[in-house]
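This report concerns only the one structure given below.
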Amino acid sequence: MKQLELNFSRDCTPTFKEWLSEVNHEHSKHGEKTYSLKEGKSIYAELVKQDFFNRCSNVWNNRGTSC
């Protein structure tokens, strides 16, 4: 019998388009200012640099640790 292969190093980083859409939707829902394309790119790049989507618990990765 073959054993299941578990891949714990799966990259959970959403595409920029997915991330911006979700964040702006949540901001709109709560009456907060949405990000422009330029603002979003800057923030997204910093989150990717910090490995936020894989390291911290968030909607794309609920197995990480909280930050």
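If the condition is being among the aromatic types (Phe, Trp, Tyr) and in a loop (DSSP other than H, G, I, E, B), then segment 34-55 contributes only TYR35. Please determine whether any residue of segment 49-66 is surrounded by 11 or more Cβ atoms within 10 Å (Cβ to Cβ) and at pLDDT 95 or above. No; the residues of segment 49-66 include none that is surrounded by 11 or more Cβ atoms within 10 Å (Cβ to Cβ) and at pLDDT 95 or above.
The values are calculated or read from the model by the stated rules, or taken from the named source; none is laboratory data. Bear in mind the structure is a predicted one, so any value in this text is a computation, not a measurement. When we count neighbours, we look across all protein chains shown, and the Cβ atoms used for this are built from the backbone with ideal geometry, even at glycine.
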